[in-house]
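In what follows, a single structure is set out as structure tokens and then discussed.
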Amino acid sequence: MSSFAPLIFSGVQPTGNLTLGNYLGAIKKFVALQETHDCIYCVVDLHALTINPSPKELVNGTRSIAAAFLAAGIDPVKHIVFNQSRVHQHAELAWVFNCVARMGWLNRMTQFKEKAGKDRENASVGLFAYPALMAADILVYRATHVPVGDDQKQHLELTRDVAQKFNYDYSDHIGELGLGVPMEIGEETVNGYFPMTEPVIEGPATRIMSLRDGTKKMSKSDPSELSRINLTDTADDIAKKIRKAKTDPEPLPGDSGGFEGRPEAENLVNIYAALSETTKEEVLREFGGKQFSVFKPALADLAVEKLSPIADEMRRLLDDKGHIDSVLANGAERASVLAEKTMTDVKKILGLSW
Ligand code: ATP
Ligand code: MG
């Protein structure tokens, strides 16, 4: 092998109802990338254990995210769709990466700081080690590109750090086994087994903010329902949440320079741009100088128009749980073959098998 074949991997946690942020920041991109790449899309149920969902919540959440993938247009025949826990190699490689990653690296992760809050002593070890499992999710397929929202950028950097340290530490043995690709690390060339995965963070929707606080990311696990639009919200819910979205008394600015100190206004314009596949400038050409009383109903109409076909299809799919379960089982079978190949190599590289 002389280089890594392009491969897309990404995952979504079954930790609640999917939001507009998940859709615009991640799932919409998953759909677009399947035209040009081989893709693996995963419902990362092991990650969801970090917030201790009830078993029922976990089952329903996993099916619902799988349904959203399919409803949004992901093709589970051409590509691979499955839930993480069915492919045990993710957890196996995560242990290896727990031993590669350093405490100092994980201590810097802002997601852990935000989610653990003030009571760090009481946070689970899983929440702390989350990024090592995420690195394993990606690298067990030796994926080269990962479409994610901006909030996951730091975890992708950690994934690269893990890959680089593994490649560097085991370079000689990787070379002896003939499993490596020549890679530059500073002045040195090493035999790399894992690729330096690139994040794919593009477009106007890389960070959709909470509707209640323009400085906080929209999240499916946020306790406030009014902070987010769910993919499955009714037209009335969407209109109500947008009407109640925090704004300021000024009309919309004429260009994006005018968003200084107005994160809530910028967020709503961003959402409009992402849903209509244009730019903020384009939106402001139409709505600059107008009041929110004009812009908000237009945004609500657009959101309903774009989201309701997906919500309808999700509901239809969730009526046939057997179908969703068979998609996940089939995807897991195909993913397992790829993941097992990597684990067999990794065990040889480490000296766990010979
Ligand atoms: P949780 O609060 O449980 O972490 P989440 O909404 O952050 O939920 P995840 O499952 O952690 O959802 O992330 C799934 C994908 O959605 C990731 O690629 C993540 O970067 C992206 N994403 C999450 N929130 C946003 C957002 N507000 N804007 C853009 N992308 C987002
Ligand atoms: Mg998240």
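The values are calculated or read from the model by the stated rules, or taken from the named source; none is laboratory data. Only a predicted model underlies this, so the values are computations on that prediction, with no experimental measurement involved. Cβ: placed from backbone, ideal geometry, glycine included. Neighbour counts: every protein chain shown. Calculation scope for accessible area: heavy atoms of the full protein, side chains included, ligands and nucleic acids excluded. Shrake-Rupley method; radii C 1.70, N 1.55, O 1.52, S 1.80 Å.
Miscellaneous remarks
- Spans of strands (runs of 3 or more DSSP E) in segment 156-203 with at least 2 residues within 27 Å of Ala26 (Cα to Cα): 198-200
- Top-ranked residue of segment 178-217 - restricted to ones that are open to solvent by 60 Å² or more (accessible area, probe 1.4 Å) and in contact (Cβ under 8 Å) with a residue 40 or more places away in the chain, ranked as nearest to ligand 2 (Cβ to nearest atom): Lys217
- Val43 meets each of the listed conditions (1) hydrophobic (A, V, I, L, M, F, W, C); (2) away from ligand 2 (no atom under 16 Å from the Cβ); (3) closer than 29 Å to Leu302 by Cβ apart from (2).
- Inside segment 140-164, residues that are more than 15 Å from ligand 2 (Cβ to nearest atom) and within 25 Å of Met103 (Cβ to Cβ) make up a count of 8.
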